[in-house]
Amino acid sequence: MTTQTDSKAKPSRLMAIWRAASIPLAAVILALLVGAVILLISGANPIAAYSALAKGAFGSTAAFGRTLEKATPLILGGLAVAFAFKGGLFNIGGQGQLLFGAIVAAGVGFGIDGLPFIIHMPLALLMGSLAGALYGAIPGALKTYTGAREVITTIMLNFIAINFTDWLADGPWKDEGIVARTPAIAEAAAIPTWGNIPAGFFLAILAAVATWYLLYRTTTGYEIRTVGLNSNAAKYAGIKVSYTVILTMAISGFLAGMGGAIETLGVVGRYQPGFNAGLGFDGITIALLARTNPLGVVPAALLVGAMQAGSSQMQFDAHVPFQIIDVIQALILFFVSADMIVRWIVRVQPEEGEQVTLSTSWG
C-alpha cells in the first residue's frame, strides 16, 4: 500500500513541478526567439550574439562570478516583491527600500572604526536591512490606517528615497572630491569574495530558503498567505489583518534593504548615486518570472543576472547594442504576464488559484 501511494505521489509531484516551470521556461524561450528576430532585423547574427552572451556570463570563472554578483541583489529584490505578493500587496517601492539599505550600510561601514569583521560586517548588513524594513513598513501603515493604495505610496516613496540618499551622498556624508559619494567602507565591514565567487550570493540563497520556510512552514507565513487570498475571511478567522499587512511590507522592505546593503558591502564598497539604479524595479520581473515562488526567484535572478553580465561581451563580439538585453527582459515580462498565450502554446491549462494576483488593492 505504501509503495503504491508513493508511486502515485511521485508523478503528481513531478507534474506539479512541470506545471510551475513550464510557463516561465516557455516565456524565456519565446522572448529569445522574438529577440532573435529583432537581431536579424538589425543586421546581427542571433547565434553569434547569444553565443557571446553565454560566453560573457559563463565562459570563465571570472564571468561566472560576475553573473553571481549581478544576480545577488536581483534575488533579494525578487524576494521582496514575491513576499509582498503572497500577502496580496504589490510592492513597487523595492528601489527606494534598496537605496536606504545601501546608504545606511555604507554609513555604518565607514562611520565606525575599530570593530572586528565578525561584528562590523553583520552590523552593517543588519542595519541596512532594517532601514529597508522601516521604509517598507511606511506604505503598509498608510494602507492599514488611511486606506492609501500601496501601489501609489510605494512609487512616491521611491522618489523620496532617491532624492534623500542623493542629498546624503552629496552633502553630510560626502567623501572628499567632486564626485557625489560616501567614503569607502572599512575593510572589516566588507563582504568577502572567495576567488571570483562573491560571498553575498550565498547570503541571498539563505534569504530565499528562509523566506520559503517562513511562508510555508510557519504560522506567520500561513496568516500572511491567508490575508493575501482573502482579507475578510482572514479577519473572520481571527487573524490581525492590519498587523499582518504592516509586517508583510516590513519583511518585504527588509529583503530589499538587504539587497542594497550587500551591493554596498560586497560590490561597490561605498554608496554612490546611480550604481544601484533599476535593481529594485528588476525585482518585479524576477518575481513574476518565478511565479512568486521564493525558491523560483533564484534561477530567475540567475537568468537575468547572466543576461546583464554577458551583455558587454555580446556588444563587443557580435556588435549588438546592449539595449537588446532590456528588450529581451521586457519580452520575458510580457510573455509571463500574458500567460494565456504561453499556456496555449505549451498546452497547459491553469488550475484554480494558480494565476498570479498582482494586487488586491484595486478591488
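Here, each number is a calculation from the coordinates, and none is a lab measurement. Since the model is a prediction, treat every value here as computed from it, not as a measurement. Quick reminder, even Gly has a Cβ in these numbers, built from the backbone with ideal geometry, and neighbours come from all protein chains shown.
Think of it as helices only: each DSSP H run of n ≥ 4 in the chain is worth -39500 (n - 2.57), and spread over all residues that comes to -24500 deg cm²/dmol at 222 nm. Here, the stretch 219-270 is characterised by an Rg to Rh ratio of 1.25, where Rg is the alpha-carbon radius of gyration and Rh the Kirkwood radius.
Using a Förster distance of 25 Å, how high is the FRET efficiency between Asp113 and Phe202, based on the Cβ-Cβ distance and rounded to 0.05? After rounding to 0.05, the efficiency reads 0.35. When peptides 85-97, 264-276 are sorted by average Cβ neighbour count within 10 Å, with the highest value leading, the order is 85-97, 264-276.
In this simple spin-label approximation, Ala277 and Ile47 carry label points 7 Å from Cα along the Cα→Cβ vector, and these lie 3.7 nm apart. Fully extending the segment from Leu32 to Asn163 would add 43.5 nm, taking 0.36 nm per residue of separation and subtracting the current Cα-Cα distance. For the chain, the number of Lys pairs with C-alpha atoms closer than 29 Å, counting only pairs eight or more positions apart or on separate chains, is 9. Farthest toward the positive end of the dipole of the chain, out of Leu40, Gly93, Leu331, is the Cα of Leu331, where the dipole comes from beta carbon charges about the Cα centre.
Look at the dipole of the stretch 71-275 built from charges on Cβ: of Tyr216, Leu247, Ile119, the Cα furthest out on the positive end belongs to Tyr216. Rounded to the nearest 20, the size of the Cβ-charge dipole of the chain about its Cα centre is 1000 debye, with Lys and Arg at +1 and Asp and Glu at -1. Rounded to 0.05, the FRET efficiency of the Leu14 and Tyr216 pair, given R0 = 25 Å and the Cβ-Cβ distance, is 0.85. Dipole magnitude for the stretch 29-167: about 340 debye, using +1 per Lys or Arg Cβ and -1 per Asp or Glu Cβ, origin at the Cα centre.
Treating r as the C-beta distance of Tyr243 and Arg149 and R0 as 25 Å, the FRET efficiency rounds to 0.85. Taking Cα centre as origin and charging only the Cβ of basic (Lys, Arg, +1) and acidic (Asp, Glu, -1) residues, the dipole magnitude of the stretch 172-303 rounds to 480 debye.
For the pair Leu40 and Ala184 in one chain, pulling the backbone fully straight at 0.36 nm per residue adds 47.4 nm over the alpha carbon distance. For the stretch 109-235, the fraction of alpha-carbon pairs lying more than 20 Å apart is 65 percent, rounded to a whole number.
Computed on the Cα atoms alone, the convex hull of the stretch 185-272 gives a volume of 116 cubic angstrom per residue. Rounded to whole numbers, the Karplus 3J(HN,Hα) couplings from phi for the stretch 138-152 are 4, x, x, 5, 5, 5, 5, 9, 10, x, 5, 5, 5, 4, 7 Hz, using 6.51 cos²θ - 1.76 cosθ + 1.60 with θ = phi - 60°, and x at Gly and Pro. For Ile197, no residue 5 or more places off, or on another chain, has a built amide H under 5 Å of its own.
Simple spin-label estimate for His319 and Ala21 gives 3.9 nm between the two label positions (7 Å along the Cα-to-Cβ direction from each Cα).
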